[in-house]
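See structure below.
The values are calculated or read from the model by the stated rules, or taken from the named source; none is laboratory data. All of these numbers come straight from a predicted model, not from anything done at the bench. Cβ placement follows ideal geometry from the backbone for every residue including glycine, while neighbour counts extend to all protein chains displayed.
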Amino acid sequence: MIEVTNLSKYYGPHLALDGVTFRVEPGQILGLLGPNGAGKSTCMRILTGYFPPSGGTARVAGFDAVQESREVRRRIGYMPENVPLYRDHTPYRYLEFVAAMKGVDNVRAEIERVTDVARIEEVIDRPIGRLSKGYRQRVGFAQALLGDPPILILDEPTAGLDPRQIIEVRELIRGLGGDHTVILSTHILPEVSMTCGAVVIINQGRVVAVDTPGNLNRRLIGADRIALTVRGPADEVEERLVSLPHVLAVHSQPQPDETVRLSVEVDVNTDMREQLAKTVVQAGWGLQELQAASLSLEEIFLQLTTEEAEVEADGEPDQAESDGGE
């Protein structure tokens, strides 16, 4: 549905995107993750036809984002980080205006549909300038949905919202998966893990990882992890578990209540939970907890971006972080 190949963008002498490549499948929700200034908004602006790249290609629904920009824009709904709302309009009047710009059929019914999805019914006739930040974000979300485009591009959709509003917007986005292809950019790590099925991590204009959070975890540690809490002697528990087939390593942390927390690394795609539980119980120890574990997205992000910085320190040319307004 979306193919980005070797995309680059210069702002004067500053390289904001450097060979960015990734693909988004139909119905997928993909998170574009990176710190402020990484290149996320620049990438989205190219996809939406806001401006052309300096090199590479971007194809949306089979159309070139530069050569066939009009066709691309017919198929996307775009919510920029700062939605250009008319503060003296009501949400209904604003949506009516945007619907006319998009050439939407049956405008009244379509406004009712997006109003319901974005949950702005109670403020539909209030001046936008008097709405809270959360409601203004929802109005921007509603305008992106007008015309039911198959592709949605959402730039920092929860920026500036309070915790309750963030949860509501995340629920709205999750509900779009399957029926729509969604790219959302964010520098907030939980946003991706709670909303997206895939992640592209960008750092200093370069892609440092493209995968699901689970696969990234396996790639980085080269193993699956299982967390246990056992009531028993730490040294004996660790020694017994590390001797099992397919167990690569065991890390233990004794607790004040005479239990021990263990992180057991096992061969990838080897489900050792039943064997671990059996070993603990047969030894006469108390098994209090056993569950699959993984690196947090924060750990994955830090590891990947640290590796990128170390490569640059070893002599590769450093690229400017400027992203023209991010």
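In segment 213-324, which helices (runs of 4 or more DSSP H) lie fully inside it and hold 1 or more residues that are modelled with pLDDT under 85, out of contact with any Gly (no Cβ under 6 Å at 6 or more places or on another chain) and small (Gly, Ala, Ser)?
Values: elements: 213-221, 234-242, 273-282, 297-313.
The qualifying helices (runs of 4 or more DSSP H) are 213-221, 297-313.
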Considering (1) in a loop (DSSP other than H, G, I, E, B); (2) touching a residue at least 12 places away in the same chain (Cβ under 8 Å), say which one residue 105 fails and leave the rest. (2)
Is there a residue being in contact with a Gly (Cβ under 9 Å, 6 or more places away or on another chain) and farther than 25 Å from residue 141 by Cβ anywhere in segment 42-63? yes
Is there a residue in segment 22-44 that is free of Cβ contacts under 8 Å to residues at least 60 places away in the same chain and closer than 16 Å to residue 155 by Cα? no
Would you confirm whether any residue within segment 160-168 is within 15 Å of the chain's Cα centre (by Cα) and either in a helix (DSSP H, G or I) or among the charged types (D, E, K, R) (or both)? yes
How many of the residues in segment 177-201 are over 11 Å from the mean Cα position of the chain (by Cα), crowded, with 20+ Cβ neighbours inside 10 Å and either of a type outside the set (S, T, N, Q) or at positive phi (or both)? 1
Some residue of segment 130-141 being in a loop (DSSP other than H, G, I, E, B), surrounded by fewer than 22 Cβ atoms within 10 Å (Cβ to Cβ) and assigned by TED's automatic domain parsing to the domain that holds residue 73: yes
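Residue 58 - would you say it is assigned by TED's automatic domain parsing to the domain that holds residue 186, within 16 Å of the chain's Cα centre (by Cα) and either farther than 30 Å from residue 133 by Cα or part of a loop (DSSP other than H, G, I, E, B) (or both)? So that I can check it myself, show each step before the final result.
On the way: assigned by TED's automatic domain parsing to the domain that holds residue 186: yes; within 16 Å of the chain's Cα centre (by Cα): no; either farther than 30 Å from residue 133 by Cα or part of a loop (DSSP other than H, G, I, E, B) (or both): yes.
Criteria not met by residue 58.
Going through segment 142-155 one residue at a time, which ones are touching a residue at least 60 places away in the same chain (Cβ under 8 Å) and either hydrophobic (A, V, I, L, M, F, W, C) or not assigned by TED's automatic domain parsing to the domain that holds residue 23 (or both)?
Filtering segment 142-155 for residues touching a residue at least 60 places away in the same chain (Cβ under 8 Å) gives 143-147, 149-155.
Within segment 142-155, 144, 145, 146, 151, 152, 153, 154 meet the criteria.
Going by the structure shown, is residue 102 modelled with pLDDT under 95 and either crowded, with 20+ Cβ neighbours inside 10 Å or not assigned by TED's automatic domain parsing to the domain that holds residue 202 (or both)?
In short, no.
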Does segment 183-192 contain at least one residue that is closer than 30 Å to residue 147 by Cα and modelled with pLDDT of 90 or more? yes
